[in-house]
Amino acid sequence: MFKKPVIVFEGIEGSGKSYHISNVSKYLKKKKIEHIKIREPGGTLNAEKIRKLILNKQSNFNKDTDLLLYLAARSENMSLLRKNYKKKIILIDRFIDSTIAYQHFGLGVNIKLINTINKFLLGNIKINFTFLNVVNKDNMIKRLKKRKSLNRYDKFNNVFYKNVQNGFLKLLRKNKKKYLMVNSNLDIEKNKSFIINKIDQLI
């Protein structure tokens, strides 16, 4: 149990993480529990500007530039996170594990570089818990087809997404006590209850 935890929702495209973080935010609002909710990339004014650049379908950055843009967006969020750290519950839609899963396991960027910059940016800020949403290939494709518009990261091949999801699972296995896997192939209402029950335990 944590008084004001930092809770992250991770997962590949179509895994339901954004849906569930929004549901948790609504639940906390209903209970009048103070919290903030941000997404990465994005979250603050300047970070949202960087998000548009990263996800633009016309963008064609090399993998190192991609990494640095994601971390630049994170850098813009750090003052907001420091301001609220241990004062409010912090919900984050993607965070450092996404950087590792996508940029290292997906694109092959050097893990030491990622860890060094993340350590510099985060300082004493610690993640208390992570919900890892997993989804199979068929459901991912089905859900992406329903989206009104797709960004650059919605259009990678299936091998890429498989590598990224396997990367997330490797991170989970290293620290099982601070992770909960959510099988997004199951009934969404059951998963909502599953996640909310864990949130009640955490707070």
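Readers should treat all values here as calculations from the given coordinates under stated rules, not as data from a laboratory. Fair warning: this is a prediction, and the values are worked out from it, not measured in the lab. Positions of Cβ are generated from backbone atoms using ideal geometry, with glycine treated the same way; all protein chains shown enter the neighbour counts.
Which of the residues spanning region 15-69 are loosely packed, with under 13 Cβ neighbours inside 10 Å, in contact (Cβ under 8 Å) with a residue 60 or more places away in the chain and not polar (S, T, N, Q)?
Lys57
Just name the residue that is surrounded by the fewest Cβ atoms within 10 Å (Cβ to Cβ) out of those in region 155-203 that are under 16 Å from Val134 (Cβ atoms) and small (Gly, Ala, Ser).
Residue satisfying both the conditions and the ranking: Gly167.
What pairs come out if I take residues in region 150-170 that are within 16 Å of Leu55 (Cα to Cα) and pair them with residues that are among the polar types (S, T, N, Q) whose C-beta lies under 7 Å away, six or more apart or interchain?
Note: pairs meeting the criteria are Arg152/Asn56; Arg152/Ser59.
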